[in-house]
Structures are given as C-alpha cells and as structure tokens.
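Trainee: One structure, as structure tokens, below. Some questions next.
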Amino acid sequence: MTKDIILAGVGGQGILTIATIIGTAAVKRGWHLKQAEVHGMSQRGGDVQSHLRLSDRPIHSDLIPLGKADMILSVEPMESLRYLPYLHAEGWIIANRTPFKNIANYPEIENIYKEIEAIPNHVLIDADVIAKEVKASRAMNIVMLGAAIKHLGFTKAEIEEAIKAIFARKGEAIVEANYRALQAGIDS
Amino acid sequence: MEKLMLLGDEALAQGALDAGVSGFYAYPGTPSTEIVEYVQRSKQAADAGVHRTWSSNEKTAVESAIGMSYAGKRTMTTMKHVGLNVAADPFMNSAFTGANGGLIVTVADDPSMHSSQNEQDSRFYGKFAMIPVLEPSNQQECYDMAFYGFELSEKYHIPVMIRLTTRLSHSRSGIVRRNPLAQNPLKKPDDLFQFMLLPAISRKKYKNLIQMQAKYTMEAVQSPFNKFDMEASDYSMGIIACGLAYNYLMENYVDGKVPYPVIKICQYPIPQDQIRELYNKCDSLLILEEGMPIVEEMLTGINLQGLKPIHGRLDGTLDRDGELNPNKVARALGKVDTYGKDVPEVVTSRPPALCVGCPHSDSFYALNDAVAEFGRGHVFSDIGCYTLGFMPPYNAINSCVDMGASITMAKGAADSGHFPAIAVIGDSTFAHSGMTGLLDCVFDNSNVVVVILDNATTGMTGGQDYTAAGKLEQICEGLGVHKDHIRVFIPFKKNHDDMVRIYKEEIAYQGVSVIIPRRECLQVLKKKNKMEG
C-alpha cells in the first residue's frame with residue numbers, strides 16, 4: 001500500500017500542518033514516510049508544495065515522480081492545478097474554493113473551477129466558509145484534510161488521534177476546534 | 001526505540017548531539033538553517049551546554065569550529081553552499097592544520113537554486129581541500145554520518161565534510177537513534193606545531209595530506225555508506241549513483257532489483273579500483289549525481305576516442321544543470337517516463353513577494369521617489385528578503401551578488417564617479433559582511449549612501465537573531481561614519497515625505513552616509529505575539 005500526495009498552497013496557509021497530521025497517523029500504523037518541504041524564499045507569499053509519501057514498504061525517492069501522485073490536496077484553488085503533471089489518471093484533486101489573491105493578475109475564478117471540475121475525480125469545497133460555520137475559522141486546512149481522508153484510506157479516529165498528539169500542548173479548545181473542522185470536512 | 005520524524009537537517013543535528021558534539025558554529029542560510037535551529041530548540045543541547053548561538057558569518061563560524069577542535073572537543077560548523085565561499089580561507093587551511101577534536105564541516109547545496117543566487121557543488125571544495133566527504137542519501141544516514149564523521153575525523157586528525165542538498169535537508173523521515181556518547185574532555189593537541197601554518201611546517205603538512213589520500217580512499221572502499229553491487233543480470237550498462245541520486249535510481253525499480261551492476265557512492269574520495277572493475281565489466285556507464293558532474297568528469301577525462309560510452313550530465317543523457325528527480329533518472333535508464341497532465345494555461349505564476357505591510361516596502365517606495373530624478377541604475381543591493389525589492393511594483397534595486405557586495409560595489413562605482421551610489425543592505429547581512437566594506441568607504445571618504453534596513457532579525461531564513469542587533473549606530477560611528485550622517489527613521493507610509501527628504505539630504509552630502517530605516521519584521525512580530533498570546 002502506497003499513498004503519494006502533493007500538498008499545495010501559498011506560503012503560510014498551513015499545508016505543513018496537514019502533512020504533519022497525516023504523517024503522524026501513518027507512522028502510528030508503522031508505515032514508512034517521506035515528506036519533502038519547501039523552505040526559504042518561496043515561503044514569502046509564493047506557491048509552495050510538499051511531497052508526502054506513505055507506504056508499508058521502504059520509500060526511496062523524497063520526490064513523487066511525475067504522473068504518479070494519488071492526490072493533490074490544495075488549500076487554494078489555482079494552486080491545485082499547478083501540480084497536474086504529477087497526478088495519475090485516476091488520481092484525486094481535492095481543492096478549496098476560496099482563492100488567495102496576493103497577485104495582481106489572479107485569473108477569473110470561474111475558469112479555475114472549470115479546470116478543476118474537468119478532472120474526473122475532484123472535490124471542490126469552500127473550506128474557509130465551512131471552517132467559519134463550525135467556529136474554527138483558523139482550521140481551514142483541517143477542513144480540507146477532512147474532505148481528503150476517505151480517499152486516503154485513513155479513519156476519522158486515526159486522524160483525531162494525530163490531531164490530539166500535535167495540538168494537545170495548545171489546549172483542549174484548539175483540539176476541539178480542529179475536531180469540528182475535521183468532521184465538517186468529512187461531511188462536506 | 002520509537003522513530004523520530006526529522007528533516008535531513010534535523011537528523012544530522014540530532015546525530016551530532018548524540019555523538020557528543022560540544023558546539024555548533026553557523027550563520028543561517030537555506031537549506032542549512034534548520035540544523036542549528038533544531039539544536040537551539042533542543043533540551044538535550046541546553047542540558048549539555050552545547051554552543052549553539054549564531055556566528056557573524058561563515059568565516060567566523062569555521063574559525064571558531066577549528067578553535068573548538070584545537071581544544072579537543074567535537075564540533076560542527078554548518079552553512080549553505082555559498083557560505084563556504086565566504087569561509088573558503090579557513091576551510092582550505094583546516095585541511096592543513098587538521099583536527100584535534102572531531103571537526104565536521106556541513107555544507108548544504110541548493111541545486112536548482114530554490115533559494116540561492118547560484119548553483120555550486122561543494123564536493124569540489126572537498127576534493128580541492130583533499131579531505132574525506134560524506135554525502136548522505138537519506139535521513140538515517142544523516143544521523144549515522146554524524147557519529148561516523150566524528151570518528152573518521154579523530155582517527156586521521158582531518159576535518160570531514162558532510163554534503164547535503166535541499167531535498168534531503170528539507171525532507172522528513174523516520175530516524176532510529178543510538179545511545180548518546182559523552183562529550184570529549186578538554187585536551188590540547190599533542191603536537192603544538194599542528195595548527196601553526198608557517199611555510200616550513202605547511203610544506204610537511206601538505207606532503208602528509210597527499211600521502212593520506214590512499215588511506216581516505218581505503219576508508220571510502222570500506223565505508224558502510226558505499227555499496228558495490230557488482231553481480232547483475234545485465235552488463236550492457238553499469239551505474240554509479242551518488243548520494244540522493246541513489247534513491248531516484250531505486251525509485252525506478254519497485255521490486256528493488258536493478259538489472260545492472262550499481263555502485264552507490266556516499267563517501268569520497270571515489271573508490272577508484274571498484275569503478276575500474278565496473279567499467280571493465282560493462283559496455284557503458286551511467287553516472288547519476290545530484291549537482292555538478294564531478295565524478296563523471298573524473299571518469300571521462302578528456303574524452304578519448306574509442307573508449308566505452310560514459311553517460312551522464314556531460315553528454316546530455318541528464319540535464320547539465322538543476323537537481324535530479326525520479327523522471328529524469330527514468331529517462332536516463334531508458335525506462336518509460338510517466339506524466340500527468342499539462343498545467344492549464346489559466347494558472348499564473350505566483351512569485352515570492354515582500355509581506356503585506358513589510359517595513360522594506362515603505363523604505364523602497366521612499367527611496368524610489370528620492371532617486372527618481374537620477375533615473376534607474378543607482379541602487380546596489382544584497383542578499384535577503386529585500387532582494388525581492390527587484391520585483392514589481394518596487395523595481396527598486398539593480399544588483400545582488402554576494403553577502404556584503406552592496407556596500408563595496410557602491411564604493412567602487414562611486415570611486416569611478418557614478419552618482420549617486422546607494423547601497424541597500426539588511427541589518428543581519430551588514431553584520432555578516434558589511435562592516436569591513438563600510439570601513440573601506442570611510443577610509444577613502446567614498447561618496448556613498450549606505451541604507452541598512454533594520455528589521456531586527458535575519459528575515460529570509462525565518463527570523464534568527466544576529467550578532468550586531470541593537471548596535472548598528474555604535475558600529476557605524478565606531479567605523480568612522482560621522483554621527484550627523486547616521487540617520488534613523490521608522491519606515492511607515494505616513495512618514496513617506498520625511499523619509500524621501502532624509503534620503504535626498506544624504507545623497508546630496510559628499511561622503512559616507514548611513515541611513516537606518518528601523519521597524520521590526522512582521523513575521524517575527526507575529527511569532528512573538530503568538531508565543532505571548
């Protein structure tokens with residue numbers, strides 16, 4: 001069993017937190033993990049991605065080969081499309097609807113949605129709105145994770161355990177908010 | 001034992017801590033920064049009193065590390081590839097002095113220039129200095145090589161280089177730890193001539209270094225990190241895979257069985273006899289290297305006609321520049337390549353940019369207005385977040401070469417009559433390599449305006465503290481800049497007109513001026529507020 005996931009977004013949107021949570025759950029299962037991150041200049045508002053590889057066998061490359069990713073999980077709609085060369089034909093694209101507009105020439109959003117909807121296996125949700133609805137406005141990334149987990153083959157309990165392990169030191173309220181965001185993502 | 005999930009950088013740091021290191025010396029630089037950041041967070045390091053504060057630059061860092069090694073302790077100095085250029089003098093000479101306590105020089109290269117001004121391969125420096133080089137292929141090897149590197153260094157009294165690249169530095173995986181070792185006791189060198197590089201002594205040392213090469217090669221042959229899989233089913237090609245490139249090779253064989261003989265090189269000097277054997281056995285060779293084709297060049301030499309083909313970056317089998325990936329290696333192996341779909345045209349680029357509300361942006365807008373009458377081409381700049389001032393909407397700067405070059409380039413231009421000559425440098429970069437340049441300006445009374453953007457941190461690498469924090473005016477005055485021409489303002493939009501006026505006054509002044517726009521980095525401020533809140 002192998003899962004290759006591209007996490008996408010803009011610097012500061014919290015994709016590394018998603019990677020940490022999935023990674024923690026995978027390690028708990030005794031799986032191998034490699035997670036390549038982007039640090040440095042690109043983190044200043046540029047596009048960022050993380051290659052997250054999970055497997056019950058040893059993993060060699062830190063990078064996912066082009067055409068081999070099982071999923072692109074993107075917290076920003078346009079950024080989900082930037083990594084299509086990595087997605088295999090049956091792969092899933094799971095994207096947030098809310099654009100992050102820090103560039104002057106951000107394209108017409110409907111054209112972005114059209115491209116995402118053209119991918120056979122896609123999920124497009126408004127994670128920012130959903131997060132606000134469940135009073136967890138800073139956990140948009142966890143809503144996205146919730147929307148992704150059934151396609152990743154993880155149970156809600158496994159992910160909750162990982163969330164608890166990671167957020168426990170920030171207090172019960174933060175853990176609970178993330179649980180709500182996760183559930184809302186699963187229900188979306 | 002439970003596995004730790006660590007970045008390659010962090011695995012190396014934890015390895016060094018467990019191997020009894022007494023001190024780290026470094027200046028931040030992507031992709032090496034996380035090594036010392038990890039140590040600064042580590043309770044183990046604090047409890048053991050491991051030195052872990054930042055140095056002013058890579059040269060002072062390497063020199064301090066040599067000093068700690070002199071005292072008999074294990075020490076590691078870390079830097080990005082261009083940092084080794086800054087530290088090249090002590091680094092090259094450390095091969096002559098050798099080590100007393102274990103000395104590891106860790107250099108993180110950035111092929112494809114994710115966050116760097118050039119691409120260079122530090123293995124050349126290792127070969128240049130004639131010291132052993134270790135190149136881990138995964139996070140566990142990063143950890144293990146800290147132990148191994150210190151042992152090797154102390155066995156032969158020689159500094160050892162560990163060469164990382166971005167993908168390993170910044171990729172996370174599981175690490176199994178070993179039992180920690182105690183730190184070395186203080187112990188002076190047995191030979192008090194060891195660190196005395198006078199010509200008469202150095203000549204002997206050089207002969208000795210040359211003699212030792214055979215031993216270093218023998219260590220590479222016996223290294224637990226090198227592998228010689230000479231038995232195979234297909235001898236039409238033999239493969240040499242160095243460091244991280246080994247993973248991309250194995251990625252292309254899901255069952256782990258490569259049909260060709262393979263030499264994995266993670267320790268240098270290259271094992272020559274084994275490579276010769278591979279060459280004799282096979283019809284051709286494929287060389288896979290992350291970075292520059294150093295091994296390939298050693299093998300192809302001057303490309304004599306009639307030899308068997310050697311494929312790699314030099315003959316175009318692999319791209320000559322940029323980092324490797326599984327697909328490039330698949331094509332080089334003649335395997336079917338995979339690809340998803342093209343990026344739709346609607347996707348536009350999203351380059352990095354200064355944060356909204358960044359103090360640098362206000363400093364740049366005012367500077368642009370102040371120099372508008374002279375046209376563009378008057379602002380020399382440097383390495384840091386503010387290098388993004390080159391991008392629209394600022395278009396404010398005209399050069400970025402190396403740490404500190406803004407001041408000295410402005411000086412050279414001013415000396416030739418170029419007016420105005422303005423340098424824009426960050427506060428941390430000024431501490432790194434700007435002070436001596438400013439002294440040059442004062443010595444000649446060069447007609448320059450030096451703008452030191454003071455955001456109270458090393459911003460681009462994520463907000464580390466630095467050695468000159470809180471002392472900028474004192475330093476400039478101490479270097480001889482007249483205090484009437486050390487001007488400080490707070491870069492806010494509402495202060496725009498005052499800022500423009502101050503820039504203009506100092507441009508008009510014939511001599512050395514320093515202007516310090518001072519406002520804290522927003523990222524650091526955010527982090528602080530988070531911790532307090």
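Trainee: Is it the case, given these coordinates, that residue B:52 is open to solvent by 10 Å² or more (accessible area, probe 1.4 Å), charged (D, E, K, R), modelled with pLDDT of 95 or more and in contact with a Gly (Cβ under 9 Å, 6 or more places away or on another chain)?
Mentor: The answer is yes for residue B:52.
Trainee: Among the residues of the range B:68-76, is any under 20 Å from residue B:184 (Cα atoms), without any contact (Cβ under 8 Å) to a residue 60 or more places away in the chain and touching a strand residue (DSSP E or B) at 6+ places or on another chain (Cβ under 6 Å)?
Mentor: yes
Trainee: Among strands (runs of 3 or more DSSP E) lying entirely in the range B:1-109, which contain 3 or more residues that are more than 14 Å from chain A (Cβ to nearest Cβ), over 23 Å from residue B:127 (Cβ atoms) and not polar (S, T, N, Q)?
Mentor: Here the list reads B:23-26.
Trainee: Report, by residue number, each residue of the range B:507-521 that is in contact with a helix residue (DSSP H, G or I) (Cβ under 8 Å, 6 or more places away or on another chain) and farther than 16 Å from residue B:425 by Cα.
Mentor: Matches in the range B:507-521: B:507, B:509, B:511.
Trainee: Answer yes or no: is there a residue in the range B:523-533 that is crowded, with 16+ Cβ neighbours inside 10 Å, more than 33 Å from the chain's Cα centre (by Cα) and of a type outside the set (Gly, Ala, Ser).
Mentor: Within the range B:523-533, none of the residues are crowded, with 16+ Cβ neighbours inside 10 Å, more than 33 Å from the chain's Cα centre (by Cα) and of a type outside the set (Gly, Ala, Ser).
Trainee: Okay, next question. If the Cβ limit is 8 Å and pairs must be 6+ apart or interchain, which residue in the range B:1-30 that is in contact (Cβ under 8 Å) with a residue 60 or more places away in the chain and charged (D, E, K, R) pairs with which residue that is surrounded by 24 or more Cβ atoms within 10 Å (Cβ to Cβ) and assigned to a loop (DSSP other than H, G, I, E, B)?
Mentor: Taking only residues 6 or more apart or on different chains, the pairs are B:9/B:31; B:9/B:32; B:9/B:170.
Trainee: So which residues in the range B:162-178 are closer than 21 Å to residue B:18 by Cα and either of a type in the set (Ser, Thr, Tyr) or free of Cβ contacts under 8 Å to residues at least 60 places away in the same chain (or both)?
Mentor: Matches in the range B:162-178: B:169, B:171, B:173.
Trainee: Further, regarding this structure: Residue B:164 - would you say it is farther than 30 Å from residue B:309 by Cβ and surrounded by fewer than 24 Cβ atoms within 10 Å (Cβ to Cβ)?
Mentor: In short, no.
Trainee: Give the residue that is most open to solvent (accessible area, probe 1.4 Å), with candidates limited to residues of the range B:331-377 that are without any contact (Cβ under 8 Å) to a residue 24 or more places away in the chain and of a type in the set (S, T, N, Q).
Mentor: B:349
Trainee: Still on this structure, I have one more. Hey, any hits in the range B:58-66 for a residue that's among the small types (Gly, Ala, Ser), open to solvent by 10 Å² or more (accessible area, probe 1.4 Å) and more than 24 Å from residue B:136 (Cβ to Cβ)?
Mentor: Yes.
Trainee: Hey, residue B:383 hits all of (1) part of a loop (DSSP other than H, G, I, E, B); (2) of a type outside the set (S, T, N, Q); (3) within 9 Å of chain A (Cβ to nearest Cβ); (4) touching an Asp or Glu at 6+ places or on another chain (Cβ under 8 Å) but one; which does it fall short on?
Mentor: Exception for residue B:383: condition (3).
Trainee: Return yes or no: is residue B:264 within 14 Å of chain A (Cβ to nearest Cβ), open to solvent by 80 Å² or more (accessible area, probe 1.4 Å) and under 28 Å from residue B:8 (Cβ atoms)?
Mentor: Considered against the rule, which asks whether it is within 14 Å of chain A (Cβ to nearest Cβ), open to solvent by 80 Å² or more (accessible area, probe 1.4 Å) and under 28 Å from residue B:8 (Cβ atoms), residue B:264 comes out as no.
Trainee: Hey, another quick one. Return the total of residues in the range B:378-408 being within 17 Å of residue A:40 (Cβ to Cβ), of a type in the set (Ser, Thr, Tyr) and surrounded by fewer than 24 Cβ atoms within 10 Å (Cβ to Cβ).
Mentor: 1
Trainee: Here is a check on your reading of the model: is residue A:158 of a type in the set (Asp, Glu) and in contact (Cβ under 8 Å) with a residue 40 or more places away in the chain?
Mentor: It is true that residue A:158 is of a type in the set (Asp, Glu) and in contact (Cβ under 8 Å) with a residue 40 or more places away in the chain.
Trainee: Condition (residue is more than 12 Å from every other protein chain (Cβ to nearest Cβ), open to solvent by less than 20 Å² (accessible area, probe 1.4 Å), closer than 30 Å to residue B:166 by Cβ and modelled with pLDDT of 95 or more) applied to the range A:103-123: is it met by at least one residue?
Mentor: The answer is no, given that none of the residues of the range A:103-123 is more than 12 Å from every other protein chain (Cβ to nearest Cβ), open to solvent by less than 20 Å² (accessible area, probe 1.4 Å), closer than 30 Å to residue B:166 by Cβ and modelled with pLDDT of 95 or more.
Trainee: Then there is this: Just name the residue that is nearest to the other protein chains (Cβ to nearest Cβ) out of those in the range A:55-102 that are among the hydrophobic types (A, V, I, L, M, F, W, C) and closer than 22 Å to residue B:355 by Cβ.
Mentor: Step by step, filter the range A:55-102, then rank; the result is A:78.
The values are calculated or read from the model by the stated rules, or taken from the named source; none is laboratory data. Please read all numbers here as calculations on a predicted model, not as lab measurements. Note that each Cβ is placed from the backbone with ideal geometry, even for glycine, and that neighbours are counted across all protein chains shown. Areas reflect the complete protein model, heavy atoms only, side chains present, ligands, DNA and RNA absent. Shrake-Rupley method; radii C 1.70, N 1.55, O 1.52, S 1.80 Å.
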